[in-house]
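Presented below is the structure to which this report refers.
None of the figures in this text is laboratory data; all of them are computed from the coordinates on show. Computed from a predicted structure; not experimentally measured. All Cβ positions, even for glycine, are placed from backbone atoms using ideal geometry, and neighbour counts span all protein chains on display.
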Amino acid sequence: MEDRSTTPNRILDAARVLFNQKGYAATTMAEIAKSIGISPGNLTYHFPSKRDLVVGLRARTQAAMNARWQAKVAGAIADDYIEHLLFAIRLTWDIRFLLQDHALLSDAGDSLENSPYMLSDYKELTELLQRIEAEGLFRKERSLDIEVLSSALWMNSRYWMDHLRELGTATGAPWQDLETGIRHHIDLLGQFLKPKAKGEFEAAMESALRFMKSFNYDAASGTIPQIA
């Protein structure tokens with residue numbers, strides 16, 4: 001397991017928090033250094049520029065996805081789907097500044113332009129839906145296009161918090177808002193599932209949510225549970 005107490009990782013953690021809170025452009029290197037009690041010179045020794053911090057955060061995100069993928073063992077489709085959904089939701093929240101500041105961080109020819117973890121997430125979601133179809137769990141009376149459904153479900157998870165902010169309905173408690181998005185996602189998928197399969201997916205979701213609430217969860221502060 002990665003040692004998150006090292007100076008470079010402490011810097012990356014602080015940068016991620018501040019970038020998410022204030023935005024990439026409004027955050028200074030001096031603020032990041034001050035937040036963890038190191039000198040600006042110590043910070044720039046490890047990361048000469050803000051862009052280097054973003055490169056480091058993106059690399060760490062991709063490494064987390066690779067580690068998860070390598071450790072995965074296929075199980076029941078409902079459990080595998082919910083595990084994917086919760087990981088994707090957490091990932092989206094953790095790196096939301098990258099998604100919100102995409103235009104700023106995607107200059108022509110810039111090495112930050114591609115988002116391989118997002119492409120991987122979409123591909124995995126599509127493969128899970130294809131697996132549901134192969135196992136005969138979709139309702140036969142509903143017209144279904146896997147690519148269309150995959151796009152709709154992925155956009156639901158990817159843009160859920162933006163949706164709440166734009167409507168002015170965000171509660172200010174991030175995990176509760178994200179949990180609502182998870183339930184919305186499963187409700188949408190459930191429209192296409194056979195009744196027995198729908199019940200299995202809903203049960204898997206409730207079980208996973210109960211576990212996450214019991215592990216590193218602070219409802220008062222809105223701390224979002226870590227996904228092991």
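Details
- Over the C-alpha trace of the stretch 6-65, radius of gyration and Dmax come out as 10.6, 32 angstrom.
- Bridging of Lys140 to lysines at a Cα separation below 19 Å is possible for Lys194, Lys196, Lys198, once same-chain residues fewer than 8 apart are set aside.
- What the Cβ-Cβ distance of Ala25 and Lys140 gives, at R0 = 41 Å and to the nearest 0.05, is a FRET efficiency of 0.20.
- The three principal axes of the C-alpha atoms in the stretch 138-208 carry coordinate ranges of 40, 27, 14 Å, sorted with the longest axis first.
- Estimated FRET transfer efficiency when R0 is 41 angstrom, pair Arg183-Tyr45 (beta carbons, to 0.05): 0.35
- FRET efficiency estimate (nearest 0.05) - Cβ-Cβ, Gln70 to Leu164, R0 41 angstrom: 0.75
- Here the stretch 117-147 is scanned for amide nitrogen atoms under 17 Å from the site 7 Å beyond the Cα of Lys194 along Cα-to-Cβ, giving 129-144.
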